[in-house]
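J.: After the C-alpha cells below, expect a handful of questions from me.
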Amino acid sequence: MTALLELRQKISEVYGRYEAYVRICTKCLLAFLVFYMIHSQLSGSMNPRSWAEIVVATLIAVMIPIDACSILVAIFVIVHMLMISVEAGVIAAAFFLFLLLTYFIFKPRQSILITVMCLVGMLNLTGAAAIPIGLLCGPIAVIPAAAGTFVYGMILTLRQNSSVLEASAQRLTSMEKAAYFIKAIGSNERILLLMAALVVTIVVVYMIRKLPYSYAWAIAIAAGTACYVLTVLVGNVAFGVTVHLLYLSISIILGVLISSVLHVFLFLLDGTHTEFLEYEDENYVYYVRAIPKYSVARTDKKVTTITKAGDGETSEEDSFLDDDQSLDDYFRT
C-alpha cells in the first residue's frame, strides 16, 4: 500500500507540474479520434481533403473551451449527415438543438460526456465509460450519456440505411424519408439496450458510492460491472440483440481499470482509523463519522551549507552573530 501511495503522490506531482500540457494533449487526442471516427463511419473513404478537415477541426477544438467541443462535434456530425441525407441531417440538427436548449444551458460542464459516449460507442466500448461516469458524476449524467449513445445510434442507422435512402430518393418524399429514418432509429434494439444498460449502471454506481462505508467505491465498481453485464445479457436473451462478447469483455476490463485508478487517486479511505465525533450547538447535536484518506507523510529535507568567509571574516548571510555582538559576548550569554 505504501508503494502505491508513493506512486500516486509522484504521479500527482508530475501532473500538477505539467497539467496544462496534459490537458491540451488529452483534448487534442480526444478531438482527433472523435472527428476521425465520425468521418470514417459516415464517409468511409479517406483522402487528403478528409485528413485536412479532421486536422482543422481538431485544431479548432483545442483552441476553444472544453464545454464548446460538443457543439463543434454536433456541427461536424450534422454536416456529414447532410452530405448523405438532408432529412437525416435535419433530424440530427433538431436533436442537437433540443439538447442545447434543455441541457447545455443548465449543465454545460457535463456536455463533454456526449462526445465521449459517441466515441466509445463507435469503438464498441460503451461499457468502459459507464462505471467511471457513475463514480465521477451524479445521476443527472445519464442524460448526456444516453444522448451521446443516441448520437452514435443515428450515425450507425444512417450508415446502415444510406443505400436505401439514396435508392428511394426519387420515390419517397422528404417527410417519408424522415419518417423512415426515425423508425429505423427507434427499431435499433442494440442502441436502446446500450442506453438502458448505461442508465441502470450509472444510477446503481452513484447510489452505492454515496453510501457512508469505507469500501463504497470498490463495492460500486463491482456492482456496476455486474449490473452492466447482466443488463446486456438479459437484452441478448429477451430481445435477441446481438452481443459481441469480445468487445463486451474488453469494455468491462477497461471500465474496471479506469475506475480502479480513479478509486486510488480520489477516494482511497483508511477504514481502520474511523472516528466517531460529536458536536453540539444551540439547536442541534451533530454525530459525525470521520474516515481519513490514505496518505504518505512527506518529509522535507533541509540541507544546511556552512561556507567559509574570505579573509577570516564571516559573511553576512552565514553569520550566527547579531549585529554589534562580539564572540565573547555571544558565549557569555
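Only the coordinates and a few stated rules stand behind these numbers; no lab work does. A quick note: this is a predicted structure, and the numbers were derived from the prediction, not measured. All Cβ positions, even for glycine, are placed from backbone atoms using ideal geometry, and neighbour counts span all protein chains on display.
J.: Run the quick spin-label model on Leu266 and Arg23: label points 7 Å from Cα toward the beta carbon, then report their separation in nm to one decimal.
T.: 1.7 nm
J.: Over 25 Å apart: what share of the alpha carbon pairs of the range 7-270 falls there, rounded to a whole percent?
T.: Distances greater than 25 Å cover 49 percent of the Cα pairs.
J.: I need Ser214, Ser251 ordered by Cβ neighbour count within 10 Å, fewest first.
T.: Placing the least packed residue first, the sequence is Ser214, Ser251.
J.: Next question, about the same structure. Charges at C-beta only: +1 for Lys and Arg, -1 for Asp and Glu. How large is the resulting dipole of the range 7-270 about its Cα centre, in Debye rounded to 20?
T.: I would put it at about 220 debye.
J.: List Val205, Val200 from most exposed to least, where exposure is judged by having the fewest other Cβ atoms within 10 Å.
T.: The order, fewest Cβ neighbours first, is Val200, Val205.
J.: On a full-extension model of 0.36 nm per residue, what is the gain between Ile140 and Leu100, subtracting their alpha-carbon distance, rounded to one decimal in nm?
T.: Full-extension gain reported as 12.9 nm.
J.: Efficiency by 1/(1 + (r/R0)^6): what FRET value for Asp67 and Ile182, r their Cβ-Cβ distance, R0 = 30 Å, to the nearest 0.05?
T.: Taking R0 as 30 Å, the efficiency between Asp67 and Ile182 is 0.55.
J.: Now a separate question. Let's see if you can work this out: charge +1 on each Lys and Arg Cβ, -1 on each Asp and Glu Cβ, no other charges. What is the dipole magnitude of the range 168-216 about its Cα centre, in debye to the nearest 20?
T.: Rounded to the nearest 20 debye, it is 60 debye.
J.: Now for a different question. 7 Å from Cα along Cα→Cβ at both Thr242 and Ala226: what's the point-to-point distance in nm?
T.: Placing both labels 7 Å beyond Cα along the Cβ direction yields 3.1 nm.
J.: If you don't mind, there's one more thing I want to ask. If we count every other residue with Cβ under 13 angstrom of Gly16's Cβ, Lys/Arg +1 and Asp/Glu -1, where does the sum land?
T.: Within the 13 Å Cβ shell, the charges total +2.
J.: Tell me the net charge near Ala216. Cut-off is 9 Å between Cβ atoms, Ala216 excluded, with +1 for each Lys or Arg and -1 for each Asp or Glu.
T.: Once positives and negatives cancel, what remains is +2.
J.: Of Leu198, Val55, Ile11, which is farthest along the charge dipole of the range 7-270 in the positive direction, counting Lys and Arg as +1 and Asp and Glu as -1 at C-beta?
T.: Ile11
J.: Taking 0.36 nm per intervening residue step and subtracting the Cα-Cα distance, what contour gain separates Leu123 from Leu233 on full extension?
T.: Here the answer is 37.7 nm.
J.: Could you list Tyr152, Tyr247 in order of exposure, starting from the residue whose Cβ has the fewest other Cβ atoms within 10 Å?
T.: Tyr247, Tyr152
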